[in-house]
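Structure first, then comments.
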Amino acid sequence: MPEIVVGAGYATFINTFRCKPSDQDEVVRINVDIVEQVAARFPGFISATVHRSVDGTVVVNYLQWQSPEHLSALQRSDDFQAIVRRFAGLIEFEPHQCEVVHVAEAGQQPPER
């Protein structure tokens, strides 16, 4: 299970795939195929989660990699390229590398400022 912590030292990516509701299931399938068939076995992979909006117009993946360079290496691989081609005509893609700046959990007191 992904662990989300401030200052973890790994690279976090949140990617948005805008799609038609009729295409959302396929966009989810492609994301899962990338994770299960390629990323999970690739050096530097830590975790991935795939989310779908209830209105059918968005798929989001939350990725954790040891470094941005590890993800870049995956994206250059032939196996990744073979699967990612299936997105053609289905999505508008918005990639984002992010930093975790705050995490809150039930039952924990917020830090004093």
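The values are calculated or read from the model by the stated rules, or taken from the named source; none is laboratory data. If you're wondering where the values come from, they're calculated on a predicted model, not measured in any experiment. Every residue, glycine among them, receives a Cβ derived from its backbone with ideal geometry; neighbour counts consider all protein chains shown. Remember, those area values only see protein heavy atoms, side chains included, never the ligands or the DNA or RNA. Shrake-Rupley method; radii C 1.70, N 1.55, O 1.52, S 1.80 Å.
Things to note:
- Applying a DSSP loop filter and a limit of 15 other Cβ atoms within 10 Å to the GluC sites (Glu not before Pro) in region 1-80 leaves 3.
- For region 51-97, the fraction of 1.4 Å probe accessible surface lying on carbon and sulfur atoms is 52 percent.
- Protein heavy-atom accessible surface, 1.4 Å probe, per residue over the chain: 66 Å².
- Restriction of the GluC sites (Glu not before Pro) in region 73-113 to DSSP coil positions whose beta-carbon has at most 12 other beta-carbons within 10 angstrom yields 99, 105, 112.
- In a simple Cβ point-charge model (Lys, Arg +1; Asp, Glu -1; nothing else charged), the chain has a dipole of about 160 debye relative to its Cα centre.
- For residue 98, the accessible surface of its heavy atoms amounts to roughly 40 Å² (probe 1.4 Å, protein chains only, rounded to the nearest 10).
- Helix 24-37 vs. the chain, principal-axis angle (Cα, 0 to 90°, nearest 10): 80
- Of [x] 15.4, 49; [y] 13.1, 38; [z] 17.7, 58, the label for Rg and Dmax of the Cα atoms in Å derived from the coordinates: [x]
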